[in-house]
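Just below is one structure, and these are the notes that go with it.
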Amino acid sequence: MTYRIFTAAAALAAALTGTASAETIKPLDGGSINLGELAGVAYYTAEPKGYRVVVTLARTDAARAVRFETVLASGQSVTLSTPQERGAAAEAVEISRTGDTVAVSRPRPAPTREAAALD
């Protein structure tokens, strides 16, 4: 990705930060992701098997980032989340593909489920 494209993606990410509804993104343009202490940019490229979605996240107080990649066919989605304290809903974003559209949104919080070990 060229510096110009990265700069445009970062600018779009800054503009989208904090939105609650799904934001569609175009190939090589970025959409922002905010998972509490982790924030970053998601973009995609079209490939023969599907759309390759690339997510780069970094702690808001550190320089080292983490990158996640997946290929989505139409109708598929992936959820990225970070756990919170016990009993609280996870911070999450969902990236979904429908036809030629890729959207980044915050899924509705699911009821908290806790597991316990049985003796």
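Residues that are acidic (D, E) and at pLDDT 85 or above were ranked within the stretch 34-75; the one that is nearest to the chain's Cα centre (by Cα) is E69. Residue-level analysis places G31 outside the set of residues that are of a type outside the set (A, V, I, L, M, F, W, C), modelled with pLDDT of 80 or more and on the phi > 0 side of the Ramachandran plot. Residues that are in contact with a Ser or Thr (Cβ under 9 Å, 6 or more places away or on another chain), acidic (D, E) and either closer than 24 Å to P27 by Cβ or without any contact (Cβ under 8 Å) to a residue 12 or more places away in the chain (or both) within the stretch 45-99 comprise just one, E94. Of all residues in the stretch 76-119, those being in contact with a Pro (Cβ under 6 Å, 6 or more places away or on another chain) and at pLDDT 85 or above number 2. Can you name every residue in the stretch 65-82 that is surrounded by fewer than 11 Cβ atoms within 10 Å (Cβ to Cβ) and over 19 Å from S32 (Cα atoms)? A73, G75 - these are the residues of the stretch 65-82 that are surrounded by fewer than 11 Cβ atoms within 10 Å (Cβ to Cβ) and over 19 Å from S32 (Cα atoms).
The values are calculated or read from the model by the stated rules, or taken from the named source; none is laboratory data. Treat the numbers as computed from the prediction; the structure is a model and nothing was measured. Ideal geometry is used to build each Cβ from the backbone, glycine not excepted, and the neighbour counts take in all protein chains shown.
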